[in-house]
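The values are calculated or read from the model by the stated rules, or taken from the named source; none is laboratory data. Since the structure is predicted, the reported quantities are computational estimates derived from the model, not experimental observations. All Cβ positions, even for glycine, are placed from backbone atoms using ideal geometry, and neighbour counts span all protein chains on display.
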Amino acid sequence: MILINAKNLLLKTVFLTGITLTLFVNIAISQVQPSLGGSSRLMTNALSEMERGEYQRANELFRQIIDSNLPIPPEMPYYFAETLYQLKQYDNSANFLNKYLELNGFKGDNYERAKALEGMLEKPLNDIKTCELCDRRGYQFQTCFTCEGSKHLEQDCSYCKAKGIVGCSRCVGSGLITKRNVFNIVEYFECERCSGQGRLTCPTCEGSKLETSACRTCQGVGRLQSDQICDHKAEEPRHLSMLFNRMKGH
């Protein structure tokens, strides 16, 4: 009787140990492989926004997936690329499209649509490359607000401290130089460099007290980057615009 009870106890112990080990393995696997649930919900919401034409909202949801460090659904890069295309962020769209094709290749569910989008991106990307009004990502340059596009600024001369003159280095500002003659006697002569004035016109500003230097805000370029998508059309001069409006009024 005692032997039978000991056998039953051993079987129960083995059974409970097996259950505990199974639970431990399942927990470990769930920790190593994060759930796609969170990113899938965000992607579903983003797709719904795309269907409604709310691409800016879809853009925000896709970026939440990226920032959350959750596992990214395999088709997400394509849908993000399509959203960015609709928002005219063509450079970003091409980057995510290339990543989608790199990861999924022709096996991706949206491979055909991805290749079609690739063709649609060719013209806008070429327009960006040839446009002088925007940077390589397609964002329009704006005129520097500091130098107003002149690339340079006038400021107080740093060399003469806006005095227009500097001390003569030969006579140290005294206007006189000394020489010893053959009798070892010190003689004084008028400084030839400054004509005895002890000072010279500033060589940097040439007496204007001002110097012109490259604008520090735009680094001498005359323009700054902005967050505005470029339409690759130069603004017509204001006086021509006013003339055109007057002509339309007549």
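Within region 159-176, the presence of at least one residue that is under 27 Å from Gly222 (Cβ atoms) and either modelled with pLDDT of 90 or more or not in a helix (DSSP H, G or I) (or both) is confirmed.
Within region 124-177, the residues that satisfy the criterion of being of a type in the set (Gly, Ala, Ser) and more than 30 Å from Tyr188 (Cα to Cα) are Gly138, Gly149, Ser150, Ser158, Ala162. Residues that are of a type in the set (Val, Ile, Thr) and part of a helix (DSSP H, G or I) were ranked within region 63-102; the one that is surrounded by the most Cβ atoms within 10 Å (Cβ to Cβ) is Thr83. Applying a threshold of 6 Å to beta carbon distances and a minimum spacing of six or more residues, or different chains, the list of pairs starting in region 80-93 at a residue that is in the same structural domain as Glu54 (by TED's automatic domain parsing) and ending at one that is among the polar types (S, T, N, Q) reads Ala81/Ser93; Thr83/Asn59; Leu84/Asn92; Leu84/Ser93; Tyr85/Ser93.
Considering only residues in region 103-156 that are part of a loop (DSSP other than H, G, I, E, B) and of a type in the set (Lys, Arg), the one that is modelled with the highest pLDDT turns out to be Lys151.
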